[in-house]
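Taking it in order: structure first as structure tokens, then the write-up.
Quick note: the coordinates plus some simple rules give every number you see, no bench work behind them. As the structure is a prediction and not an experimental result, all values here were calculated from the model. Note: ideal-geometry Cβ built from the backbone for every residue, glycine included; neighbour counts use all protein chains shown.
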Amino acid sequence: MSIQEICSLFVEEKDFISQEEITVGNINRTYKLTYQGKDRLYEYVIQRINKSIFTNPEKLMDNIVRVSAFLCKNVEKEGLDTDKHVLKPLLSIKDGLPFVIDEDGEYWRCYVFVPNSITYNATTDLSIIEKAGSAFGKFQNDLDGFDASTLFETIVNFHNTISRYENFHKAIKDDVAGRVKEVEKEIEAYKGFEEKACLITKYLQEGKLPLRVTHNDTKANNVCFDKDTGEVLAVLDLDTVMPGAIAFDYGDAIRFIANTLIEDDPNYDAVDVDLAKYEAFTKGFVSAVKNSLTNFEKATLNLGAFTMTAECGVRFLTDYLSGDTYFKIKYPEHNIVRARNQIAYANAILKRFEQMEEILKKYL
Ligand code: GN1
Ligand code: MG
């Protein structure tokens, strides 16, 4: 089935104008389709769910349908337009399910592209970064009343750093791609991060940190903005909305946004924490959530930034050792480049930890 045919299973016939692949994500395949309707242009996002990673696409979509509906209620209460402020999954015309299955057994979903929106992969605009912070903070607040026990765990142990490290040690032992020898330095670096990186998971297991409903993939490019006004519109990518620690969301966002370089830039010596970007995101995020945080949560936010960097990096390295079976790669060394960039960034966080704490304190 072509992408256009898949789209036609979700939306009424219109005149097709264009189709482009969106290559930003590392997991699912994503396309944007534009049609001319009677009155205006219509844009949709068609996505093939990676079912070797999301092994139960139907339950994943059930989460998304329920979380989006919950978010819509909040947006309506605020008197805002849900089409602009919530990414809505469409139901297939034939059977009303939020996905269709093609002849190869692949699952596809369709969203209305948030009108006139744009996402930023890397930006130096501090006001955008602050707004991304507020958006993820608000997302966190909005989901506060959502019953976490009803959420399906779309990827088991997703931010369980202890289990991520177990996979890493197993990948070293198995050495299926014969790459262990070549990356001994990187392996040592990640072993050096292990104890500290596993603390948040340990605190969760010991009940010292509360479980909340978290987004778990708070890269700044998962927030979209109005192209013209710069207004925050919706939070995207609800695939990993699951119970988690708030430090995961704050930490993953800092991992992504405050790095002076993007996560796969090989210019490792130039990797650092951009403190201005750090402050902008922190201001937006922390101002939105601080009233609901426990003191211990506050005390572990920056540990979250270190943790998420080490965890994501160890996942890149594990994937490299396993022969690149998880993350999409654009060239053969892509995963090891990502892993090295994250080593440099984790070290930069450790070096700047006190400065980050000082800044964070201003907003708590
Ligand atoms: C993946 O595909 P994307 O960009 O939404 C990954 C995240 C990583 C990220 C690193 C389900 O996210 O956990 O942080 O790549 N998502 C999944 O860029 O594994
Ligand atoms: Mg994602």
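Quick look at the numbers
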quantity: Rounded tilt (10° steps) of 184-197 against the dominant C-alpha axis of the chain; calculated: 90
quantity: Centre separation in Å (Cα based) which lies between the stretch 284-300 and the stretch 31-88; calculated: 29
quantity: Potential lengthening between L275 and L41 on full extension [0.36 nm per residue; Cα-Cα distance subtracted]; calculated: 80.1 nm
quantity: Summed side-chain charge close to I6 - residues other than I6 whose Cβ falls under 10 Å, Lys, Arg +1, Asp, Glu -1; calculated: -1
quantity: Sequence of V67, V241, V289 once ranked by neighbouring C-beta atoms within 10 Å, starting from the fewest; calculated: V67, V289, V241
quantity: Selection of chymotrypsin sites (Phe, Trp or Tyr not before Pro), the stretch 33-88, meeting DSSP coil and at most 14 other Cβ within 10 Å; calculated: none
quantity: Rel. contact order, % - alpha carbon contacts under 8 angstrom, at least six apart, the stretch 1-159; calculated: 23
quantity: Positive-pole candidate from Q140, V241, V223, dipole of the chain, charges at beta carbon; calculated: Q140
quantity: Cleavage-rule hits, GluC sites (Glu not before Pro), the stretch 168-210, DSSP coil, Cβ neighbours within 10 Å at most 10; calculated: E206
quantity: Relative contact order (%) - the stretch 164-252, alpha-carbon pairs under 8 angstrom, separation at least six; calculated: 26
quantity: From phi via Karplus (6.51, -1.76, 1.60), per-residue ³J(HN,Hα) for the stretch 97-102 in Hz, x at Gly/Pro; calculated: 8, x, 7, 10, 10, 8
quantity: Mean residue ellipticity (222 nm) of the chain, computed from DSSP H runs ≥ 4 via -39,500 (n - 2.57), nearest 500; calculated: -14500 deg cm²/dmol
quantity: Sorted by Cβ density within 10 Å, fewest first, the residues S68, S127; calculated: S127, S68
quantity: Separation of alpha-carbon centers, the stretch 233-262 and the stretch 93-159, rounded to whole Å; calculated: 11
quantity: The chain, relative contact order [Cα under 8 Å, separation at least 6], %; calculated: 18
quantity: HN-Hα J in Hz across the stretch 112-126 - Karplus 6.51, -1.76, 1.60, θ = phi - 60°, x for Gly and Pro; calculated: 6, 5, 4, x, 6, 9, 9, 10, 10, 7, 8, 9, 9, 7, 5
quantity: ³J(HN,Hα), Karplus 6.51/-1.76/1.60, whole Hz, each residue of the stretch 49-60, x for Gly, Pro; calculated: 6, 6, 7, 7, 9, 9, 6, 10, x, 5, 5, 4
quantity: Evaluated over the chain, the Cα radius of gyration and Dmax, each in Å; calculated: 20.3, 61
quantity: Trypsin sites (Lys or Arg not before Pro) within the stretch 68-149, DSSP loop, no more than 15 other Cβ atoms inside 10 Å; calculated: K94
quantity: Qualifying lysines (Cα of each under 21 Å from Cα of K51; at least 8 residues distant if same chain); calculated: K32, K59, K88, K328, K330
